[in-house]
1. How do GLU41, GLU13 line up, fewest other C-beta atoms within 10 Å first?
2. Using a 10 Å cut-off on Cβ atoms, rank the peptides 98-107, 74-83 from the highest mean neighbour count down.
3. Could you work out [θ]222 nm for the chain from helices alone, using -39500 (n - 2.57) per DSSP H run of at least four and dividing by all its residues? Round to the nearest 500 deg cm²/dmol.
4. Roughly speaking, what is the centre-to-centre gap between the stretch 76-103 and the stretch 2-54 when only Cα atoms are used, to the nearest Å?
5. Using 0.36 nm per residue of separation minus the Cα-Cα distance, give me the extension gain between THR7 and ARG54 in nm, one decimal.
6. Give the calculated FRET efficiency between ALA38 and CYS114 to the nearest 0.05, with a Förster radius of 41 Å applied to their Cβ-Cβ distance.
7. Please state, as a whole number in µm²/s, the translational diffusion coefficient that the Stokes-Einstein equation yields for the stretch 58-125 at 25 °C and 0.890 mPa s, with Rh defined as the Kirkwood radius across alpha carbon pairs.
8. P(r) for the chain: what percent of alpha-carbon pairs falls in each 10 Å bin, starting at zero?
Amino acid sequence: MSRVDYTKYSLLELYEALESIDAAAFPENYENLMAELAKPERNNEQTLSEHKERNEAELIIFKRVIWIFVALMMFVASAVMHIEGVIKARGGRVIVTLDDNPIGFHLGILAFICLGIYSIYIGVFGDLKTKKRI
């Protein structure tokens, strides 16, 4: 087993190592990692805030990707419904068809498209209610 020298790691690298280390398989490295993290010079406000900012930035990117994915699914669903001429519920139950109710059908498709556009807006600009940017 090789011994890792954690003194050369930045605080961010130490936290990344902490998230991925197997303490049972590498108890000596885990103890050395915890000892390095416990050092007073490792726990100053600047390095902790840098770690927090990095995590927040990663979360923002993740949220944006999820909202864009939701939008894509809305557009795909509306395209499939338009091609089939049927809007169905989860269990496959038909809600409305193009032949039976063309206005209701097109309003349903329009609703999906609007939700897709709204999802893109949230993914790019943030939430409308809280005015909080993600």
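No lab work stands behind these numbers, since they all come straight from the coordinates. These numbers come from a predicted model, not from an experiment. Glycine also receives a Cβ, built like all others from the backbone with ideal geometry; neighbour counts cover every protein chain displayed.
1. Details: GLU41 7, GLU13 11.
Placing the least packed residue first, the sequence is GLU41, GLU13.
2. Numbers: 98-107: 13.0, 74-83: 15.5.
Ranking, from highest mean packing down: 74-83, 98-107.
3. Values: 4 runs with 86 residues, N = 134.
-22500 deg cm²/dmol, from helical runs alone.
4. 54 Å
5. Values: separation 47, 0.36 × 47 = 16.92 nm, distance 2.12 nm.
Extending this stretch completely gives an extra 14.8 nm.
6. Values: r = 53 Å, r/R0 = 1.30.
Given R0 = 41 Å and the Cβ-Cβ separation, E is 0.15.
7. 193 µm²/s
8. Going out from 0 Å in 10 Å bins, the chain shows 11, 24, 17, 16, 14, 12, 6, 0 percent.
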